[in-house]
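First up is the structure itself, then whatever we jot down about it.
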Amino acid sequence: MRDQPPHLPPPEDFLEIGAPEQFAALAHPLRQRLLFALGRRPATISRLALQLDAKKGNVAHHLKVLREAGLVHIAETRQVRGGTEQYYQRTARRMVVAEPQGAGTAAMFTAVAQELDRSPVEPHLTLRHLRLGPAQARELGETLTRLVDETEEDAEGQPVHGVLVALYRQALPGDATSTDRP
């Protein structure tokens, strides 16, 4: 294996997703896969293309979109055989959608659904509706976040698993819709 930069954690612990270009960047399944692949350590376009069985040109294009959206950055450059090799890294370990917006959220869910279809094992997907007071809902949200954040990862070489956590209040007839919010 060629030299790789040392494993450095992303510069930020979490990134708040909210800009339209960030939602658009997250709406493509290859970009989701790139973010998953960059979860452990920086990687070059060539390595990512090999790892994801994708063409280098496609990987380069999608990394550019992710970079312009502020989701990845160039962590290191190295001179290799007269050229410059760039190592890309996620800008944050965890990405949080602060105020989900309909179109962006739908696009992200579409990309996640495509990943679920590609999964070599049966995914775990549960939808349940619970009657919770505001304090219980807040506590459940905090517990889910803590559970995901505190889960220890296995060693390199183990499969990558995507985790999407959503807790929302179901709209009832007469409730204000998202377009009615200030």
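Computed values, structure above
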| read-out | value |
| --- | --- |
| 3J(HN,Hα) from dihedral phi, the stretch 48-56, Karplus parametrisation 6.51/-1.76/1.60, rounded to Hz, x for glycine, proline | 5, 4, 5, 5, 9, 6, 10, 6, 4 |
| Estimated inter-spin distance, F14 and Q136, nm [label 7 Å along Cα→Cβ] | 2.4 |
| Positive-pole candidate from A106, L172, P134, dipole of the stretch 95-182, charges at beta carbon | L172 |
| Correct option for Rg and Dmax of the Cα atoms in Å [calculated from the coordinates] among [x] 19.2, 63; [y] 15.8, 48; [z] 18.4, 66 | [z] |
| GNM flexibility winner over the chain from T110, T126, T145 (Cα, springs under 10 Å) | T126 |
| Packing-based ranking, highest mean first, of 72-81, 162-171 given that Cβ atoms within 10 Å are counted | 72-81, 162-171 |
| Gain in span if fully extended, L172 to E122, counting 0.36 nm per residue against the direct Cα distance | 14.7 nm |
| Long-range amide H partners of A75 with built H, under 5 Å | Y87, Y88, Q89 |
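Read-outs: derived from the displayed coordinates by stated rules, not from any lab. A quick note: this is a predicted structure, and the numbers were derived from the prediction, not measured. Glycine also receives a Cβ, built like all others from the backbone with ideal geometry; neighbour counts cover every protein chain displayed.
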